[in-house]
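What follows is a single structure, written as structure tokens, with notes after it.
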Amino acid sequence: MKENQKSRPENTQTAAGHTGHKRDINSKSVLGNPILYAQFLRDNTDIPCLKNVQPEDIEDVSERYRPYLGTEFESDTVKRVWIHEADAAGTGSPLQEPLFLISLTEHKSQVDYDVSMQLLKYMLCIWLDYGRERKAQKPGASARKGFRYPAIIPIVYYEGKAAWTAERRFLARISGGEAFRKWIPDFTYEVVRLHDYSNEELLSRGDEMSLIMLFNKIQDVIDLSEFLKLPRERLDEIVKETPEAVIDIIVSAMESLCGKIDATEEETRKCVDKVKERRMGYLWENMEKMSIQEERRNTAKAKADALEDKIRLIIKYSKRFQLSKEQAVSEIMSECGMDRETALQKADTYWEA
């Protein structure tokens, strides 16, 4: 689905710049674009009022809260999402007053067990600011009986491979929460875990946000190998009619991907050119020449070399501090995760070296 932005409300977005082939693309650059954010909400959340959300329904208000939340808020986005009354209530009645909710999206690469507390802080800040805004427009508005704050849907976009094991319910973070639940605020946040989706599922959506998610899934040589199996014609089809502002962001995502696979600047430049031309064939032709097995062997060798260096260091400092070989063996077992026999062999190898 290819979408164009309309006039209501005014959208805020920043086209990604190109500062070098190993630059990274952060989630705020991607989710700051209303086309991509609308796709993100439709594709990855099972929330009825968001199933038909369009780019023109999304207003980026992230910068509004930066003075209150500080630098830790850099990678997060806050949107006003304007929803139709029929979507919200299922009545099918025409829209009389513009309704909106807040979508707060937090990006994580690792499991964060305190994210619910962080989200509560954001939500409270947003509600307080909303109350101040309405009070400025109409003194005393927020103190009136009929005043209502907007709904907030907190979403965590998680790109890590490990399972998301943090509790999604805020009450679970409070000691004795169930016993005191009457006096404790409570909410549940949504988790969009990138690795819950197969490559085929992402590809079948046929939109630009899912293409970027495919790029982001590549974190090791196995991911890259699976990525190379995707049919290039289907990938080309996704960007066939993509707006230039979104192409700029995909270019940045491509640059980031090339950095991950250690492509040369010349290779990266050619890949970027093909994206701009809506033809992504060169990247796949180029990457097919890479030896996945060789890269895996290189990675394994680097890990083995690092382990040997660590053992040598343990032996060195054991001798310097006049520890016995037996103590060094215990240290190797503890620090390197080795069994006693292997640790003893290593100690024998390096003790007299």
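Loop only by DSSP, 12 or fewer other Cβ within 10 Å of the Cβ. Give me the GluC sites (Glu not before Pro) in region 134-214 that pass, ordered by residue number. List each step's numbers first, then the result.
Numbers: sites: Glu159, Glu167, Glu178, Glu190, Glu200, Glu201, Glu208; in loops: Glu159, Glu167, Glu178.
Counting only loop positions with at most 12 other Cβ atoms within 10 Å, the GluC sites (Glu not before Pro) in region 134-214 are Glu178.
Under the combined filter of DSSP loop state and at most 12 neighbouring Cβ atoms within 10 Å, region 146-191 retains these trypsin sites (Lys or Arg not before Pro): Arg148. Across the options Phe147, Phe180, Ala166, the greatest Cα extent toward the positive end of the charge dipole of region 93-183 (unit charges at beta carbon of Lys, Arg, Asp, Glu) belongs to Phe147. When the alpha carbon gyration tensor of region 125-188 is reduced to an equivalent ellipsoid, the three semi-axes, largest first, read 32, 19, 8 Å.
Calculated FRET efficiency, Asp220 to Lys270, Cβ-Cβ distance, R0 = 30 Å: about 0.80 to the nearest 0.05.
Of the chymotrypsin sites (Phe, Trp or Tyr not before Pro) found in region 152-216, those that fall in a DSSP loop while having at most 14 other beta-carbon atoms within 10 Å are Phe180. Each principal axis of region 221-290 carries a Cα extent, and these read 31, 24, 16 Å when sorted largest first. For Gln219, nonlocal amide neighbours, meaning residues 5 or more places apart or on other chains whose placed amide H falls under 5 Å from its own, are Leu224.
Per-residue extension of 0.36 nm, minus the Cα-Cα distance of Trp183 and Lys161, leaves a gain of 4.3 nm for this segment.
Treating each Cα of region 194-251 as an identical point scatterer and summing with the Debye formula, the log10 of I(q)/I(0) at q = 0.12, 0.20, 0.24 Å⁻¹ comes to -0.27, -0.73, -1.02. Hydrodynamic radius of region 101-230 by the Kirkwood approach over all distinct alpha-carbon pairs: 17.5 Å. In region 292-351, the alpha-carbon atoms span a convex hull of 75 Å³ per residue.
All of the numbers you see were taken from the coordinates with simple rules; none came from a lab. Values in this document were obtained by computation on a predicted structure and should not be read as measured data. No Cβ is skipped: glycine too gets one built from the backbone with ideal geometry, and neighbour counts run over all protein chains shown.
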